[in-house]
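The values are calculated or read from the model by the stated rules, or taken from the named source; none is laboratory data. Because the structure is predicted, anything quoted here is derived from the model rather than measured. Here the Cβ positions follow ideal geometry from the backbone for every residue, glycine too, while neighbour counts run over all protein chains shown.
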Amino acid sequence: MRSTRRWMMGIAASGILTAAAWANPAPKIGRPAPDFTVMDSQGRTQRLSDYKGKYVVLEWFNDKCPFIRKHYDSGNMQRLQERYTGKGVVWFSVLSSAPGTQGYADAAQANEIAKADHSHATALLLDPDGKVGLSYGAKNTPAMYVIAPDGTLIYEGAIDDKPTTDVEDIPGAHNYVAAALDSAMAGKPVVVSRTKAYGCSVKYKG
């Protein structure tokens, strides 16, 4: 019964993606991650290319999504953010929800959300036209991407192996993002470089 409830909640939250989102392929592991130039919630211009030499994590975010709430209400996402930004990793939460859709936030709203969530992200990137999300083929919140210091993509997919909205599942989960960062930063190969992201659909424009 519990697994059925989880499955039904996931279906209800997932929604429907635009044709453009489904058509856009994910970037290839080991190839350069798509560059972008976008404003963050503090009014600063953020360019991925400015962070060559650093690890970068992209986390697709929708504060109303129950899968996102699982990781923020538990503090799991903030602990990850704090742990790795403390090691010099750049962490971007990306808001690709279009105006009028679930998860959309303007700069002031995004800052309030980040404050309420006690986010430790480096910045919240505002992508209401979906250009950044579509360039990465991001379909879910949270969809996670890890980019190496040379600008290549080394992980793409789910945050962990427990595709549920249950906070109680977090302690026993295998966190793919942490595993990818720990391996790469130790000079070891990333064993699992691609998984299937889970969560709510990204609410793209159109």
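Remarks
- Residue count for region 49-68, restricted to those that are assigned to a loop (DSSP other than H, G, I, E, B) and touching a helix residue (DSSP H, G or I) at 6+ places or on another chain (Cβ under 8 Å): 5.
- Remark: ASP35 matches the filter, which requires a residue to be within 21 Å of VAL202 (Cα to Cα), at pLDDT 95 or above and surrounded by fewer than 17 Cβ atoms within 10 Å (Cβ to Cβ).
- Yes/no for ALA121 being closer than 21 Å to THR45 by Cα, in contact with a Leu (Cβ under 7 Å, 6 or more places away or on another chain) and not in a strand (DSSP E or B): no
- Matching residues in region 75-89 - criterion: being assigned to a helix (DSSP H, G or I) and more than 16 Å from LYS54 (Cβ to Cβ): ASN76, MET77, GLN78, ARG79, LEU80, GLU82
- Here TYR155 clears all of (1) assigned to a helix (DSSP H, G or I); (2) within 14 Å of ILE29 (Cβ to Cβ) except the condition numbered (1).
- Among the residues of region 85-113, those that are touching a His at 6+ places or on another chain (Cβ under 9 Å) and either under 16 Å from GLU59 (Cβ atoms) or crowded, with 20+ Cβ neighbours inside 10 Å (or both) comprise THR85, TRP91.
- Scanning region 134-152 for residues that are in a strand (DSSP E or B) and of a type in the set (D, E, K, R) yields nothing.
- Filter pass, THR122 being over 27 Å from LYS52 (Cβ atoms) and β-branched (Val, Ile, Thr): no
- If the condition is being part of a loop (DSSP other than H, G, I, E, B) and either acidic (Asp, Glu) or in contact with a strand residue (DSSP E or B) (Cβ under 7 Å, 6 or more places away or on another chain) (or both), then region 168-206 contributes ALA173, HIS174, VAL190, SER193, THR195, LYS196, ALA197, TYR198, GLY199, VAL202.
- So ASP40, is it of a type in the set (D, E, K, R), touching a Lys or Arg at 6+ places or on another chain (Cβ under 8 Å) and buried (at least 17 other Cβ atoms within 10 Å of the Cβ): no
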